[in-house]
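Asks: Handing you a structure now.
The numbers here are math on the coordinates, done by the rules we state, and not lab data. Owing to the predicted nature of the structure, the values given are computational and were not obtained by experimental measurement. Here the Cβ positions follow ideal geometry from the backbone for every residue, glycine too, while neighbour counts run over all protein chains shown.
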């Protein structure tokens, strides 16, 4: 059900004084779920129209977000409440709240499990998504932030922000035993992390180093270090694997990396303090959450230009994989 139809139905209901048909969100389509860390909400954006169609209240200071492959559920890490909210996308309502460790940041889905980084707990909580309960807690490095699951191997990768260059690492977890099996030294202050569609390369945004580390997942070795803008925060990889997009907090830009070279080939101005970034599943657009300007920038991937700016109140963050499709 599209916004015009909703307005018409609402007007009809008001005229009649009652309404037996529920005002439900659209049943199918591709949607962006934008966490707002000051508003403690998830704003639902219909990517077909770039219009806000719903706002869902969660718990305090939501940051990380992940959508299930079938688009039926959204998981949100609430940093200040030490919880994860579970949203049903058919109704855009919270159906469960799961306690996790201290200051959850990133969330990522792998099969029937959700992996949650606990920034102040130096751990990763493993949630069984069939029961929405924590089944394991994995010690990692100092200040875990970003998390990503390998597309075809039993591996999870976690960035440890650390307090020194030595503690700036990526933990490699095997999902067979839920234990760290390797630690990779990257640039200073690793934050966001993304993986290529084939799982061959990791991309790590080093906030304090203003670089992106490229890691070969077969060898767990850094193969390239790419200068980007100041204080890179998050990354997303194009579905064809050819491009990586990096938000730069302090320069209010997005760096576009040609992954074949690899180096920055374009820099796109957005708005203040860009945080989360995600590519539309069809590869045509990139969505960027700009925290301090309370907007979402929509970038056309063919021209690398901003083609729309959507107002979103409450300090949009959207750290993670925040776009999903409901068939």
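Asks: Using only the alpha carbons of region 255-327, what is the convex hull's orientation-averaged projected area in square nanometres?
Replies: 5.5
Asks: Nearest 10 degrees, 0 to 90: what angle lies between the long axis of helix 3-16 and the longest principal axis of the chain (Cα atoms)?
Replies: Approximately 30 degrees, to the nearest 10.
Asks: Further, regarding this structure: Among 315-321, 291-297, 219-225, what's the highest-first ranking by average C-beta atoms within 10 angstrom per residue?
Replies: 315-321, 291-297, 219-225
Asks: Is it possible to state the helix-based mean residue ellipticity at 222 nm for the chain, with each DSSP H run of 4+ residues giving -39500 (n - 2.57), the sum divided by total residues, to the nearest 500 deg cm²/dmol? What is it?
Replies: Taken over the chain, the calculation gives -1500 deg cm²/dmol.
Asks: State whether region 167-208 is rounded, prolate or oblate according to the following rule on the C-alpha gyration tensor (a ≥ b ≥ c being the square roots of its eigenvalues): a/c under 1.5 gives rounded; otherwise a/b larger than b/c gives prolate, and the remaining case gives oblate.
Replies: Oblate is the answer for region 167-208, as a/c is 1.5 or above yet b/c matches or exceeds a/b.
Asks: Find the relative contact order for region 213-327 and round it to a whole percent, using C-alpha pairs within less than 8 Å whose residues are 6+ positions apart.
Replies: 18
Asks: Residue 38 to residue 302: extension gain in nm, 0.36 nm per residue of separation minus the Cα-Cα distance?
Replies: Working it through step by step, the gained length comes to 91.7 nm.
Asks: Under 15 Å from a label point 7 Å along Cα→Cβ of residue 91: give me every residue in region 40-69 with its amide N that close.
Replies: 56-57
Asks: Using a ≥ b ≥ c from the Cα gyration tensor of region 66-158 (square roots of the eigenvalues), is it rounded, prolate or oblate, where a/c under 1.5 gives rounded and otherwise the larger of a/b and b/c decides, a/b for prolate?
Replies: In terms of gyration-tensor shape, oblate.
Asks: Now a separate question. Rounded if a/c is under 1.5, else prolate if a/b is larger than b/c, else oblate: which is region 28-115, with a ≥ b ≥ c the root eigenvalues of its Cα gyration tensor?
Replies: Judged from the Cα gyration tensor, region 28-115 comes out oblate (a/c at least 1.5, b/c at or above a/b).
Asks: As a test, work out the antiparallel percent of DSSP beta bridges whose residues both lie in the chain, rounded to the nearest 5.
Replies: Of those bridges, close to 95 percent are antiparallel.
Asks: If packing is taken as the average number of other Cβ atoms within 10 Å across a peptide's residues, how do 175-184, 38-47 rank, most packed first?
Replies: Going by the mean number of other Cβ atoms within 10 Å, highest first, we get 38-47, 175-184.
Asks: Given Cα pairs under 8 Å that are at least 6 residues apart, what percent is the relative contact order of region 66-128?
Replies: 24
Asks: Tell me, 322, 161 in order of fewest to most beta-carbon neighbours within 10 Å?
Replies: Ascending number of Cβ neighbours within 10 Å: 161, 322.
Asks: In percent, how large is the relative contact order of the chain, given Cα pairs closer than 8 Å and 6 or more residues apart?
Replies: RCO, the chain: 13 percent.
Asks: In nm, to one decimal, how far is the modelled label at residue 223 from the one at residue 152, with both set 7 Å along Cα→Cβ?
Replies: In this crude label model, residue 223 to residue 152 measures out at 1.6 nm.
Asks: Picking from 166, 306, 145, which is most flexible by a Gaussian network model of the chain using Cα springs under 10 Å?
Replies: Residue with maximal mean-square fluctuation among 166, 306, 145: 166.
Asks: Could you estimate the translational diffusion coefficient of the chain from the Stokes-Einstein equation, with Rh from the Kirkwood formula over C-alpha pairs, at 10 °C and 1.306 mPa s, in whole µm²/s?
Replies: Here the translational diffusion coefficient equals 81 µm²/s.
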